[in-house]
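Take a look at the structure set out below.
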Amino acid sequence: MLQRPTIEDVACLAGVSTVTVSRALHKPGKVSSDTATRVHAAVRDIGHPLNTAAQTLRQRRSNALLVVVRTSGNIPRQGAGGDRGGSPCSGPDHPDRRLCAGRKP
């Protein structure tokens, strides 16, 4: 089984240190444009994958967004046990009652 290319492999191919590779990839203003070009070419040539899980651990943030939606409680919930919130066609105020004519409430 082939091993995935590492940052050390990129550094060796580009002729720079691993710190310089990291800076070129994550803080491009910290290295010269010539060095950044060599590093990016080495990354492309050997197919070094960026490890987003490692970046998340190092930065201690995931850039994930949690969205919580509060409902009024009359929206049916589907789960492993089937329909737990009543029929989607129940109630006289349902806006699409005519579409649900054949269903049992």
hull vol. (C-alpha, convex hull) per residue for the range 7-59, Å³ -> 69 Å³
Calculate the spin-label point distance for residue 37 paired with residue 64, positioning each point 7 Å from the Cα along the beta-carbon direction, and give it in nanometres.
4.0 nm
Full-stretch length increase - residue 26, residue 54 - with 0.36 nm per residue and alpha-carbon distance subtracted:
8.8 nm
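What ranking of 65, 25, 50 emerges when the number of other C-beta atoms within 10 Å of each C-beta is taken as an exposure proxy, fewest first?
65, 50, 25
Each value in this text was obtained by applying a stated rule to the coordinates, not by laboratory testing. Worth saying up front: this structure is predicted, and the values here are computed from it rather than measured. We place every Cβ from the backbone using ideal geometry, glycine too, and count neighbours over all the protein chains shown.
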